[in-house]
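The values are calculated or read from the model by the stated rules, or taken from the named source; none is laboratory data. All values reported here derive from a predicted model rather than from experimental measurement. Ideal geometry is used to build each Cβ from the backbone, glycine not excepted, and the neighbour counts take in all protein chains shown. In case anyone asks, the SASA skips ligands and DNA or RNA and just uses the protein heavy atoms, side chains included. Shrake-Rupley method; radii C 1.70, N 1.55, O 1.52, S 1.80 Å.
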Amino acid sequence: MASLARKIADVSRLQLVFLSATWLAGIYVNGFVPIIPGTSTEAILLNPAVESHVVLATLSAATSVFILALAWAGGPRRLTVMTLLASLSIVLAGDSGLAFVLGG
């Protein structure tokens, strides 16, 4: 059990790095990447800053799913519920970002 808790803690630290980097990339994108109405979605998504933000967000989501699987495998039920809520918040943030880029 201690080994599982250690794995969850280690992956959670990695996820914190990914989430922090995603946040910083998002701040840069929001502040310095002009998203002008009428600009094609491809042009927006192919901007290197936006690409890095999307890649970091995808890594954050992937680590979230991995942590959820570890918690589900043997962690306390409370940890599993909190990890599920955290995973859903990442999905909601990604959905909101895509809706923004797509103009919805």
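Within the stretch 56-72, the residues that satisfy the criterion of being out of contact with any Leu (no Cβ under 7 Å at 6 or more places or on another chain) and open to solvent by 20 Å² or more (accessible area, probe 1.4 Å) are Leu56, Ala57, Thr58, Leu59, Ala61, Ala62, Val65, Phe66, Ala69, Trp72. Of all residues in the stretch 30-49, those satisfying the criterion of being farther than 11 Å from Gly103 by Cβ, touching a residue at least 12 places away in the same chain (Cβ under 8 Å) and open to solvent by less than 80 Å² (accessible area, probe 1.4 Å) are Val33, Leu45, Asn47, Ala49. Selection within the stretch 1-22: residues that are assigned to a helix (DSSP H, G or I), over 22 Å from Ser89 (Cβ atoms) and aliphatic (A, V, I, L, M). The member of this set that is modelled with the lowest pLDDT is Ala2.
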